[in-house]
Amino acid sequence: MFDAILLQFLNGLDKGGAYALIALGLTLVFGTLGVVNFAHGALFMLGAFCAVAFRQILTLETVTIDPTQLNPWGQPLEIRTPLVQGWFGDFGAVLVDWSVPVSILLAIPVMALLGIAFERGLIKHFYKRPHAEQILVTFGLAIVLQEIVKSVFGANPIPQPMPAALQGAADIGALIGLTPGVITYPLWRLVYFLFSLGIIGGVFAFLRFTTFGMVVRAGMADRETVGLLGINISRRFTFMFGLASVVAGLAGVMYTPLLPPNYHLGMDFLVLSFVVVVVGGMGSLPGAVAAGFLLGILQSFASMTEVKAIVPGIDQIIIYLVAVVILLVRPRGLLGRRGVMEA
Amino acid sequence: MSHTKVFGRRSVLRGGLAGILATSTMPLFFTRGAYAQEFCNAPTGDTVTFGFNLPLTGAYAEEGADEQKAYELAVKHLNGEGDGGLINTLKPTVLKGNGLLGKKVVFVTGDTATKADQARASATRMIERDGAIMITGGSSSSEAIAVQGLCQEMGVIFMAGLTHSNDTTGKDKKRYGFRHFFNAYMSGIALGPELAKAYGKDRRAYHLTADYTWGWTQEESMRQATEALGWQTAQAVKTPLGAGDFSQYLTPVLNSGADVLILNHYGNDMVNSLTQAVQFGMRDKQVNGKQFEIVVPLFSELMAKGAGPAIKGIFGTSNWHWALPDEGSKAFTKSFGAEYGSPPSQAAHTAYVQAILYADAVERAGTFYPPAVIKALEDFEFDGAGNGPTLYRGADHQCFKNVLVVRGNESPTSQYDVLNVVREVPREEVTYDPAIFGGDLGPAEPVPLCA
Amino acid sequence: MTIALNTAVTTAPATGAAPFLSVRDIHAYYGESYIVQGVSFSIEEGEILALLGRNGAGKTSTMRAIARLDNPSLQQGEIWLGGKPLHKMKSHEAARAGVQLVPEDRRIIAGLTVEENLLLARVAPGHGWSLERIYQLFPRLAERRRQEGVTLSGGEQQMLAIARALARDLKLLLLDEPYEGLAPVIVHEIEKTLHEIRALGITTIIVEQNAIAALRLSDRAVILDTGEVAFEGSAADVLENADLRHEYLAI
Amino acid sequence: MGNLVSKLSLSRRDLLLLLAFGAAVLLMPLWLSPFGAAYPDLLQKFVIYAIFAVGFNLLFGLTGYLSFGHAAFLGAGSYAAVWSFKLLSMDALPALIFAVAISGIFALVIGYLSLRRSGIYFSILTLAFAQMSYNLAYSVLTPITNGETGLQLALDDPRVLDRALGPQPEGLPVPHLLGLELTGYTGFFFCALVLILAFYITVKIFSSPFGLMLRAIKSNQNRMGYMGFDTKPYALTVFVISGMFAGLAGALLAITDPLAGAERMQWTASGEVVLMTILGGVGTLVGPALGAVVIKYFENIFSAFNDQILSNAFAFVPEGLRETVVAIVGKFVGEGWHLTLGLIFVLVVVFLPGGIMEGIRRIMSLFRRAQRPAKGAPARIQPAE
């Protein structure tokens, strides 16, 4: 039983990491810009497709047709040679193998640019509009983004293999002195969890220890007063939107080996991430992170057979149930400040 | 632009576009003439419209895309274009590749999004708006059952595409619905002995089951088959369709004491759950002193491709495989490969065969009148469409033919060479009594008049 | 005593040149509520002006409009500060032009330490007092520099808010209710600070419920009533005119 | 006319609007024909979703509460109607009554809880409730909902009332109204009459003191002011009415096609009705219905365009260029129609927050101004509200 609980706990961590990263970005945007961004899930999805695009570029092939040979269904045989491997040899092969982590290098500038473009081009005009209109315009943006991805990459999920070295499972049980083989945990999930911790730590350190971060924290707390002190906060907020979209994008990149990305990925995560943000407390960064992990772990536990035997269907609704209870009992969420959109 | 696909004269789409582009009032050329016809969408012009209802998005989208290719190929062959494909090998057949009863075959398509509700809406649209004489397609059993019910109400024949639930031709069978694909029960019968041979008779199985009609019947059939071998069932857990991340359902397997995991998943769900199970190190585990094994009772080459190396050595069943050596299979693979550059999947095969069989039945009946076509299909015995001699059983509209037990290829030579056929289980072994699943076909006549 | 204070620092001749701050017929709205309905007044450099009136007369709104905050929205009128058109600026631009509002609820930023609150004022171009000088004036803040700003007592928060303004290159100080919600002892302390600042000759507008205390600090007074200027004159006039005080200030 | 005004107790303007609306709805098969949209299934969808949107607008348009979970009531209505068919009778009336009652009770519970919060918290609460309903309908409630497959009629359904009244015909029965089968155009006209009735109720609510009270809630929310009374009972009442409209629409979906699937409850379905309302014009009487028609039209007609149809349509373009044009346009129709929808949607929210109705208003005011320049001040146009 202890094994089972430990396993479910571990399993909640990587999912929780993804939730936390998405909620973190969502909160950065909400806390600084005051915008309820329904397109945030789409940014996660775009990040995932950065990984897809990167791999597709790496695996571009030249096709030559050999008319002398036939393939099994009787057509002339096509001989495919990958370009990158042709150019770089072994290094090319390694690059292809590690394409998902390496594509972070592509995702950072792409996501930052996209985020800044969205903010300057569209979101900026909605700071003073009601939340309902923000929801609607970003929802529209999300639809547009996912449809563009669909028309470029198709409707089907595109599996992204993880590096061969990280394909196995780690024997966590043996590490902590239990019988080997009892508690195994996929390496990549462990990597994802650590990666999410790293990003979260990085974002927090940035906000904590830099002047820029101090200004942003101040802006999240009281945007008006920061303006009174002569600081043009909106320019920094544009940067924050870029940062939030990078965070969401990287969360998406690294998630691809766990779940083959499709154009609909963003919408699947969107509802969830809002619930996470609300549970954590709107506008609270530590709240978003804590709630992300909490809900990931709760969701994991709710899927245990023993739990489902007591409350049938709990695995399907646990997230929403928690959201409802929190909203009704403590509307500012776990760590939210009093008065933030409270009513 | 090749004009191989022509659309029905009555297709109002052109009118729709013109209406938008010109915003002019065009003559009311959309007239149904419903009162003149004796049955739904009786073809009056020189064309006849097939309705292809396909999951172009959603969990089974990949299958849908392959089905669409196959249907378009079938229409070509029926109209005498291309190399004729199965028309040359089907025995008996009266098809000559000159259209259908002298009319050119045209088609419309609709996206079902792998959802029953949408599938039904899309089928309704094709029947009411586009005048489809026959609906075919789908790659989920819930879609098939929903659309089959609709077709019964509308009096339009439904040739099910990829549907493997026992219910489609069991509890939910309909007079107007026909299935060429095999079902979960047959998978169980075919797969059981092979599993016993490979993994022994003392095993504990853990089922993860897609939570809908197909998953339920597949789980039931697999339990029956494996428990008959002496296996125990440790646990059977239902997972939501399209869950994506199955890890939270997989972790409990690790310490359940089970030594076999049976994945009653299909499409992307199966690709995800299988690769994730492998990521959890399940295939390297030893449980109860035995090697832990994973079984995927129903899989296709498309899924095998998606799952990549995870599929190696995994047992399952298939309706058909492109490498089968018979004439029909060879002919179909050849013309499909020539057209699209890849071998057809089992979904493509069943879709193609269904379209051809419907056409053949119409030709034999000499009319599009559905009750006559139904009569022509019922208890029709044919060969040369792959899987050996085949019977379209009249009692439940289920095809009976050989079933393939397949196994993931350990050393594929190409990206399509992912499955090996372990055994072709003869039709006699998988034939069962239609009474075991109950259900009622309902009447063929009077033919309901759609709108 | 009160009158004596009044004349002490009066400098700056109004010799035909444009006044230092000139508010010309401003109209401002909160949503659809019409709050400031055509207010005009002006101040000379170094002058201290008390802006008085009952609750809802539009005092705070006028100050916020001068500081160019988004609410209330200034829909008509002009505000000139030393030849710069404030009415065309956003709040951060007005701040860089030298306007500093010390808001009535202090607006100490949560999550930032005392020192960070001060450092924040030195991020944008246009620095004023150094931290050392500020800490000299407010030794209490120096003691608590590592403490979170919002955990300070009311009086200390008020000091911090004023200190924050001093950290900027300050040309016009807007003090909104500096004594509000403070115990009498603390009020006295703040009052002392304000007199020290007054000696520096910073142009100031002060809004205060405690009109007498405000007038003691000021050279001139403007009384607002339902969004319009009801009276303009010297601080002494108001102190001496009981009818005026009674009619517009209810004291 | 005056007599009718007093009977319906509507103002003259409202009565004219009702008559015009009714005529437009009933004549849909004629005027939609040139647009290729005059076939029964689509016509039924138009009017049913119009009911859904009109009801949603009662809540969102009047009170400003943005519910992101209204699809739950639609789904509940559908399930209730199908169960009524299965257990009682194929007659539409019990199904309608049953569905409206069930969705009303459902809305009462969800509304009571959700209205304890406002703003985005209200939206997320409704969303959470709807997602719970959807997920449960999909899984543990399968005995009631038949899960993924959806609830369908079966030959061996009890249908107590029908069987008590006489022997049943062979085959699956069809929903009917006192013997009149509600399929095809009959089904459409039945739904159309229900829509007109629903519209009449909406007009009444808009012009009633109750409607004024609801608008007060909205401005109250926006201006952060306060009123001297408890607004919650009013908000809850309109939430329940709005939920009943959704249930009514759900029942009509089941009546015209007796199948109820869980997808009807999914949040995307809730999002769709929000889109319809916004696109048409929030808070206007006709807007939401118009938005419903436009979106369903796109969904059905635009989505079915494919390359062949496009290349026929662009036959006038020279051969070389045509494929490019078709390829580009093809991204926006057919499977890409959602892209068009998303773009239109963004454009509407950015440039025309009042939706189509505001667009009409602007065009009309331009038109009037051009027509009567002598009058000086722009004429105040009353839109067809």
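Using a 10 Å cut-off on Cβ to Cβ distances, tally the other chain neighbours for every residue of B:117-123 and report the average as a whole number.
5
Hey, can you list the DSSP H helices of chain A whose Cα span along the axis is 30 Å or longer and whose average Kyte-Doolittle score is at least 0.5?
Taking the DSSP H segments of chain A (at least 30 Å long, mean hydropathy at least 0.5), we get A:2-33, A:131-153, A:187-209, A:233-255.
Sort B:131-140, A:298-307 by the packing proxy (mean of other Cβ within 10 Å over each peptide's residues), most packed first.
Highest to lowest by the protection proxy: B:131-140, A:298-307.
Residues of the range A:198-218 losing 20 Å² or more of accessible area relative to the isolated chain, 1.4 Å probe, heavy atoms only?
Checking the loss per residue gives A:Arg208, A:Met214, A:Arg217, A:Ala218.
For the pair B:Gln235/D:Leu193, report the inter-label distance in nm, with labels modelled 7 Å from Cα in the Cβ direction.
Spacing of the two 7 Å Cα→Cβ label points: 5.6 nm.
In nm, to one decimal, how far is the A:Phe2 label point from the C:Thr226 one, both placed 7 Å along Cα→Cβ?
7.9 nm
Using Cα pairs under 8 angstrom and six or more residues apart, how large is the relative contact order of the range B:185-318, in percent?
Across the range B:185-318, relative contact order equals 26 percent.
Please enumerate, by chain and number, the lysines with C-alpha under 24 Å from the C-alpha of C:Lys192, excluding those fewer than 8 residues away in the same chain.
C:Lys59, C:Lys171
Using a 10 Å cut-off around each Cβ of peptide D:112-121, what is the average number of partner chain Cβ atoms that fall inside?
Rounded to a whole number, the mean comes out at 5.
Select from the range A:223-257 all residues whose loss of accessible area on going from the chain by itself to the full protein assembly reaches 40 Å² or more (probe 1.4 Å).
The answer is A:Glu224, A:Thr225, A:Leu228, A:Leu229, A:Gly230, A:Ile231, A:Asn232 - residues whose exposure falls by at least 40 Å² when every protein chain is included.
Compare the Cα positions of D:Val25, D:Leu66, D:Phe298 along the charge dipole of chain D (+1 at Cβ of Lys, Arg; -1 at Cβ of Asp, Glu; about the Cα centre) and return the one farthest towards the positive end.
The Cα lying farthest towards the positive end belongs to D:Leu66.
At 0.36 nm per residue, minus the direct Cα-Cα distance, what do B:Glu428 and B:Lys201 gain on full extension? Give it in nm, one decimal, please. Each step should come with its number before you reach the end.
Details: separation 227, 0.36 × 227 = 81.72 nm, distance 2.40 nm.
So the extension gain works out to 79.3 nm.
Using Cα atoms only, what is the angle between the long axis of helix C:154-166 and the major principal axis of chain C, expressed in degrees (0 to 90) to the nearest 10?
80 degrees
Classify the range B:185-318 as rounded, prolate or oblate, taking a ≥ b ≥ c as the square roots of the eigenvalues of its Cα gyration tensor: rounded when a/c is under 1.5, otherwise prolate if a/b is larger than b/c and oblate if not. Don't skip to the end; give the middle numbers.
Details: a/c = 1.31, a/b = 1.12, b/c = 1.17.
Taking the square roots of the gyration eigenvalues as a ≥ b ≥ c, the range B:185-318 is rounded.
Angle, helix C:184-198 long axis vs. longest principal axis of chain C, Cα atoms, 0 to 90°, nearest 10?
80 degrees
To test your reading of the geometry: what angle, between 0 and 90 degrees and rounded to tens, separates the Cα axis of helix B:267-279 from the longest principal axis of chain B?
Result, in degrees: 20.
Please report the spacing between the Cα centers of the range D:255-303 and the range A:146-164 in Å, no decimals.
Rounded to whole Å, the Cα centres lie 29 Å apart.
Give the peptides B:158-166, A:190-198, C:195-203 in descending order of average Cβ contacts within 10 Å, highest first.
Highest-to-lowest ranking by the protection proxy: B:158-166, A:190-198, C:195-203.
So if R0 is 35 Å, what FRET efficiency would D:Leu321 and A:Phe206 give, r being the distance between their Cβ atoms, rounded to the nearest 0.05?
On the way: r = 51 Å, r/R0 = 1.46.
Given R0 = 35 Å and the Cβ-Cβ separation, E is 0.10.
Given a Förster radius of 35 Å and the C-beta distance between C:Ala183 and D:Lys232 as r, what FRET efficiency does 1/(1 + (r/R0)^6) yield to the nearest 0.05?
In this case the efficiency is close to 0.30.
In whole angstrom, note down how far apart the Cα centers of the range D:37-78 and the range B:203-243 are.
With the range D:37-78 and the range B:203-243 each reduced to a Cα centre, they are spaced 39 Å.
Which of rounded, prolate, oblate describes the range D:11-266, given a ≥ b ≥ c as roots of the alpha-carbon gyration tensor eigenvalues and a/c under 1.5 marking rounded, otherwise prolate only if a/b is larger than b/c?
Cα axes put the range D:11-266 in the oblate bin.
With contacts defined as alpha carbon pairs under 8 Å and 6 or more residues apart, what's the relative contact order of chain A in percent?
34 percent
Compute, for the protein assembly as shown, the length of the dipole vector about the Cα centre, with Cβ point charges of +1 (Lys, Arg) and -1 (Asp, Glu) only. Units Debye, rounded to 20.
It works out to roughly 2720 debye.
Roughly how crowded by other chains is peptide B:282-288, in terms of the mean Cβ count from those chains within 10 Å of each of its Cβ atoms? Don't skip to the end; give the middle numbers.
Details: counts 2, 0, 4, 4, 1, 1, 0.
Average per residue, whole number: 2.
If R₀ is 35 angstrom, what is the calculated FRET efficiency for the pair A:Glu78 and D:Phe351, using the beta carbon separation as r and rounding to 0.05?
That gives a FRET efficiency of 0.10.
Students often get this wrong: which residues of the range A:217-237 have the backbone nitrogen under 15 Å from the point 7 angstrom along Cα-to-C-beta of A:Ile116?
Within reach of a label on A:Ile116, which here means backbone N under 15 Å from a point 7 Å along Cα→Cβ, the range A:217-237 contributes A:234-237.
Can you list the residues of the range A:18-62 with backbone N under 15 Å from a point 7 Å past the Cα of A:Arg129, pointing along Cα to Cβ?
Under 15 Å, as judged by backbone N against the label point of A:Arg129, lie A:34-39 of the range A:18-62.
With each pseudo-label sitting 7 Å past Cα toward Cβ, what's the A:Phe91-D:Phe210 distance in nm, one decimal?
7.6 nm
Name the shape class, rounded, prolate or oblate, that the alpha-carbon gyration tensor gives for chain A, where a ≥ b ≥ c are the square roots of its eigenvalues, rounded holds for a/c under 1.5, and otherwise prolate holds if a/b is larger than b/c and oblate otherwise.
oblate
A 25 angstrom limit on the alpha carbon distance is what I want to check against. Which of A:Lys15/B:Lys115; B:Lys115/D:Lys296; B:Lys91/B:Lys173 exceed it? Walk me through the numbers before you get to the answer.
On the way: A:Lys15/B:Lys115 27 Å; B:Lys115/D:Lys296 18 Å; B:Lys91/B:Lys173 27 Å.
Violating the 25 Å Cα-Cα cut-off are A:Lys15/B:Lys115; B:Lys91/B:Lys173.
For chain B, calculate the relative contact order in percent as a whole number, restricting contacts to Cα pairs under 8 Å that are 6 or more residues apart.
Relative CO of chain B lands at 19 percent.
Give a quick list of GluC sites (Glu not before Pro) in the range C:41-145 that DSSP marks as loop, anything other than H, G, I, E or B, with at most 13 other Cβ atoms within 10 Å. If you can, show how the numbers build up before the last one.
Details: sites: C:Glu44, C:Glu45, C:Glu47, C:Glu78, C:Glu93, C:Glu104, C:Glu115, C:Glu116, C:Glu132, C:Glu143; in loops: C:Glu44, C:Glu45, C:Glu47, C:Glu104.
Nothing satisfies the criteria.
State the answer as a single residue: which of C:Leu120, C:Ser153, C:Ser130 lies farthest towards the positive end of the charge dipole of the range C:104-184, with beta carbon charges of +1 for Lys and Arg and -1 for Asp and Glu, about the Cα centre.
The listed residue farthest towards the positive side: C:Ser130.
The values are calculated or read from the model by the stated rules, or taken from the named source; none is laboratory data. None of these values were measured; they are calculated from a predicted model. Cβ sites come from the backbone with ideal geometry, for glycine too, and all protein chains shown count toward neighbours. For the accessible areas, the whole protein counts, side chains as well, though only heavy atoms, and no ligand, DNA or RNA atoms are used. Shrake-Rupley method; radii C 1.70, N 1.55, O 1.52, S 1.80 Å.
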